[in-house]
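Have a look at the structure below before the remarks.
Coordinate-derived values only; no laboratory data. Computed from a prediction, not measured in an experiment: that's the story for all the values here. Using ideal geometry, Cβ is built from the backbone for each residue, glycine included, and neighbour counts are taken over all protein chains shown.
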Amino acid sequence: MSGHSKWSKIKHKKGAADAARSGSFTKLLKAISIAAQHGGGDADMNFSLRLAIEKAKSGNVPKDNIERAIKRGLGEDKDGAAFEEVLYEAFGPGGAALLIECVTDNKNRTVTDVKTMLSKNGGSMAGQGSVQWQFERMGAVRLTDETRATIQDKDAFELAMIEAGVSDILEEDDHTEIRCPVERFAAVLDAVKAFGMEPDDSGLEWFAKESVALSAEDAAKGEHLIDVLEENDDVDSVYINVG
């Protein structure tokens, strides 16, 4: 549960729900605008933009929409307000720690929505710094078992990952998770692709340094809370320190 929302048990229902979320044009386009805003509109020179565009294309976002999102990030779209990244700290059912990443063009609207969703679903906002210290920012690349099975030489693959700067390779029930320091993320992603694989999920994420256990009742409430949060267009990702 402490990993990324797409892959953690409490926060994710596989199948249709995942497809709906990954296909959210609004969130995919916001990521493109933010990346262009921070690093420029040239995907060859802006790794974050390249990654955001790849994800948008995999989500079947039309090319015209992608181009408009880049222009918005560069400030060339005079009709659209600039987006801003915001990180909220919160507590969920059972005292679980939450980090809520948002991308918004209206912070007042977003913070009001987040507070309302939390209060109605057993959570509460936390003071700045009271939760974030419990998490570590890292790069993550995930490969399903089907994707991993395409590797011909597993020893060569693991050696390449080590050389690229990987911190850990975790074998989960249905996928492999590769973690690395933020500054090595681009190198690790390129090393994976060098083996002819496209990651099934990748990005910079927050990982809990230590996990806590919840009762079955609080776990169910936590799952519902995160589902509610992630349905909001301004909420990009939610992380929890539950194992």
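Numerical summary
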quantity: Nearest-0.05 FRET efficiency for ALA220 and TRP133, computed from C-beta distance (R0 30 Å); calculated: 0.65
quantity: Exposure proxy ranking, count of Cβ atoms within 10 Å, fewest first, for SER130, SER24, SER215; calculated: SER215, SER130, SER24
quantity: Inter-part distance where the range 63-86 and the range 194-242 are each reduced to a Cα centre, Å; calculated: 27 Å
quantity: At 1.567 mPa s and 4 °C, Stokes D of the range 46-94 from Kirkwood alpha-carbon radius, µm² per second; calculated: 100 µm²/s
quantity: Hydrodynamic radius (Kirkwood) for the range 134-208, which is based on Cα pairs only, to one decimal in Å; calculated: 12.2 Å
quantity: Lys, Arg +1 and Asp, Glu -1 on Cβ, resulting dipole of the range 16-74 about Cα centre, debye, nearest 20; calculated: 200 debye
quantity: In the range 73-220, lysine pairs with alpha-carbon atoms under 30 angstrom apart (chain gap of 8 or more, or interchain); calculated: 9
quantity: Options (1) 1.20; (2) 1.02; (3) 0.95 - which one matches Cα Rg over 2.2 N^0.38 Å as calculated here; calculated: (2)
quantity: Options PHE47, ILE100, SER58, ranked by Cα towards positive dipole end of the chain, top entry (Cβ charges); calculated: ILE100
quantity: Least to most buried among LEU99, LEU225 (fewest other Cβ within 10 Å first); calculated: LEU99, LEU225
quantity: Packing-based exposure ordering (other Cβ within 10 Å, fewest first) of HIS38, HIS175; calculated: HIS38, HIS175
quantity: For the range 16-74, convex hull volume per residue from C-alpha positions, Å³; calculated: 62 Å³
quantity: Net dipole in debye of the chain [+1 Lys, Arg Cβ; -1 Asp, Glu Cβ; about Cα centre; nearest 20]; calculated: 660 debye
quantity: Efficiency of FRET from Cβ geometry, ASP155 and HIS38, R₀ 41 Å, rounded to 0.05; calculated: 0.60
